[in-house]
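In what follows, a structure is listed as structure tokens, so that the remarks can point back to it.
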Amino acid sequence: MAMLVLDPGHGGRDPGAVGNKLQEKDVNLRVCLLLRDALVRSGVRVLMTRETDTMRVPDVAVGVDLKARAMLANTYAADLFVSWHYDAATDLAVNGVAVWIHPSQREQPCYHKAELLAQSIATNACQKNRGVYFGDFQVLRDTMMDAVLVEGGFITSPEEATRLSNADFLRHQAEGAAKALCQILDVPYIPAVETDVAMVPVESEEVVQVTFNGQALPQRGLLIDGKTYVPVRELAEVLGCAVQWDGSTQTVELTKVG
């Protein structure tokens, strides 16, 4: 199975670029979680350098944190390393997507992978393709496999920042990247199944109406193999209860409020 290390840039006390009420670290994480899901759906094994708002190694210098991100990819002998960022510029009109690689990869296959990735993201998200750039970034220098750094747009551009606040736009970026990365890894890309139906039952499932004291709840339940499943949180709200999930015991606790 192909393996990719996905690195949402910055995190924790390191916000990255800031502009138009956005912090780069937050947008990086949102799009990378979408990209991770798209790649896993297509059969790629994905390791994330972070999955929450934190640095890879908390409370250390940024350089140490960056080295740890590259080390993760090296330790697991990943096929590809992808670091995702958003750029900033003094010229607020500058916009578009670019992919950076290490200067040593100028005439190497990594250059063509970067070209493909930039084009696919730009096409799928209707962005300007700024092409491939070269930089001696630590995560590109310290990794022992092909590595790319995506600059998915400019957080300082008011127009692009508005798009970066839109979940559908980030999804288009992620799916565009997934298409290219699957091609690079020689894995068939499996597109997301889009539907306007909130819940589609499989053959053994039946959607059922849930009522409480004669009042129909807006959310439906499911009848699966003779057992009825209902949305706990919505039902709890009707009952005036607080919901608490205990992951260690896999239980849901309802507590009466007031």
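Summary table below
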read-out: Single unsatisfied condition, Gly153 versus (1) at pLDDT 95 or above; (2) farther than 19 Å from Asp79 by Cα; (3) not in a strand (DSSP E or B); value: (3)
read-out: Members of the range 35-92 found to be closer than 22 Å to Gly135 by Cβ, small (Gly, Ala, Ser) and under 14 Å from the mean Cα position of the chain (by Cα), listed by number; value: Ser83
read-out: Tally, over the range 55-65, of residues that are touching a residue at least 40 places away in the same chain (Cβ under 8 Å) and either surrounded by 15 or more Cβ atoms within 10 Å (Cβ to Cβ) or among the aliphatic types (A, V, I, L, M) (or both); value: 4
read-out: The listed residue being at pLDDT 95 or above, farther than 22 Å from Gln173 by Cα and among the aliphatic types (A, V, I, L, M), out of Ala88, Ala78; value: Ala78
read-out: Residue match in the range 171-192 (condition: in a loop (DSSP other than H, G, I, E, B), modelled with pLDDT under 95 and farther than 20 Å from Leu117 by Cα); value: no
read-out: Unmet requirement for Leu47, which otherwise passes all of (1) modelled with pLDDT of 95 or more; (2) surrounded by 20 or more Cβ atoms within 10 Å (Cβ to Cβ); value: (2)
read-out: Any pair with Cβ under 6 angstrom, 6 or more apart, that starts in the range 66-95 at a residue that is in the same structural domain as Asn28 (by TED's automatic domain parsing) and assigned to a helix (DSSP H, G or I) and ends at one that is of a type in the set (Lys, Arg) and modelled with pLDDT of 95 or more; value: none
read-out: Residue in the range 98-110 that is under 16 Å from Val139 (Cα atoms) and surrounded by fewer than 17 Cβ atoms within 10 Å (Cβ to Cβ) present; value: yes
read-out: The range 22-33, residues that are closer than 24 Å to Val193 by Cα and surrounded by fewer than 20 Cβ atoms within 10 Å (Cβ to Cβ); value: Arg30, Leu33
read-out: Matching residues in the range 1-34 - criterion: being assigned to a loop (DSSP other than H, G, I, E, B) and over 16 Å from the mean Cα position of the chain (by Cα); value: Met1, Ala2, Gly12, Arg13, Pro15, Gly16, Ala17, Asn20, Lys21
read-out: Residues that are within 28 Å of Arg56 (Cβ to Cβ) and of a type in the set (Ser, Thr, Tyr), drawn from the range 112-144; value: Ser120, Tyr133, Thr143
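The values are calculated or read from the model by the stated rules, or taken from the named source; none is laboratory data. Bear in mind that the values here come from a model prediction, so they are computed numbers and not experimental data. Cβ sites come from the backbone with ideal geometry, for glycine too, and all protein chains shown count toward neighbours.
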